[in-house]
1. Considering 188, 202, 166, which residue is modelled with pLDDT of 85 or more and touching a strand residue (DSSP E or B) at 6+ places or on another chain (Cβ under 7 Å)?
2. So residue 2 fits all but one of (1) out of contact with any helix residue (DSSP H, G or I) (no Cβ under 9 Å at 6 or more places or on another chain); (2) closer than 17 Å to residue 118 by Cβ; (3) surrounded by 19 or more Cβ atoms within 10 Å (Cβ to Cβ); what number is the exception?
3. From the list 24, 66, which one is surrounded by 15 or more Cβ atoms within 10 Å (Cβ to Cβ), more than 23 Å from the chain's Cα centre (by Cα) and at pLDDT 95 or above?
4. Restricting attention to segment 28-50, and to residues there that are out of contact with any helix residue (DSSP H, G or I) (no Cβ under 7 Å at 6 or more places or on another chain) and surrounded by 18 or more Cβ atoms within 10 Å (Cβ to Cβ), which single residue is farthest from residue 16 (Cα to Cα)?
5. Can you name the residue in segment 253-267 that is at negative phi and out of contact with any helix residue (DSSP H, G or I) (no Cβ under 8 Å at 6 or more places or on another chain) and is also surrounded by the most Cβ atoms within 10 Å (Cβ to Cβ) among such residues?
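The values are calculated or read from the model by the stated rules, or taken from the named source; none is laboratory data. If you're wondering where the values come from, they're calculated on a predicted model, not measured in any experiment. Don't worry about glycine lacking a Cβ; one is built from the backbone with ideal geometry, like all the others, and counts go over all protein chains shown.
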């Protein structure tokens, strides 16, 4: 499933091709996504000019200037979706569901085999959308730090890994990146969130920032389906320390990496390094 680094990689990849461009055509081949594609999507988009792309958590926000004022396309990639840049005349492949064609001849093409993603139209900047209203801070922002984690974790009995993966605490710390950050910070994912000191949360917040920044630089983590806006895979998988490596020796201390289940998600950690 595309996580925050994959969505950010996509934003950076497609932005140079569509920002500032006028939309001339919209083709919807399969409207039955997780949220049905609006029937009037083409009518609303044609003639609109694309602004500077943004991202909130795993949602891609495409601002538009229309004859009726400002609007936003909210795009979510779901489990297997990707947004890629094609050229006018490039034949669509199976599972290419939506094309947004620009005056320059570039096409923003949405591919989604499982159809768990969606594209939705919002008047205005979309900031009041209920799907965004209760999200925590962005992990690479100054608002996210060890003091924030420490304050929210007091009296919490939940294990620290599902606590960190809660989007109300911080967005973007998905299963892969939470596992890697906890390893970097030397924290056992089973430890109760409320029993971790602020000093250790300082280290964890720093690790989250480092892991996500590195993943973005590497173009995300390709485990099954993810590719960037140009169709390139992500390479952060080559730098994973624990995720997907259960039964193998720890790269730091040599202990066998263990796999457990926390919050209904598989979690791999090092019993030697993580306390």
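1. The unique qualifying residue is 188.
2. Checking residue 2 against (1) out of contact with any helix residue (DSSP H, G or I) (no Cβ under 9 Å at 6 or more places or on another chain); (2) closer than 17 Å to residue 118 by Cβ; (3) surrounded by 19 or more Cβ atoms within 10 Å (Cβ to Cβ), the one that fails is (1).
3. 24
4. 33
5. Among those residues, the one meeting the criterion is 257.
For every residue, the table says whether it meets (1) part of a loop (DSSP other than H, G, I, E, B); (2) surrounded by fewer than 16 Cβ atoms within 10 Å (Cβ to Cβ).
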{"position": "80", "(1), (2)": "yes, no"}
{"position": "91", "(1), (2)": "yes, yes"}
{"position": "100", "(1), (2)": "no, no"}
{"position": "109", "(1), (2)": "no, no"}
{"position": "114", "(1), (2)": "yes, yes"}
{"position": "126", "(1), (2)": "yes, no"}
{"position": "135", "(1), (2)": "yes, no"}
{"position": "138", "(1), (2)": "yes, no"}
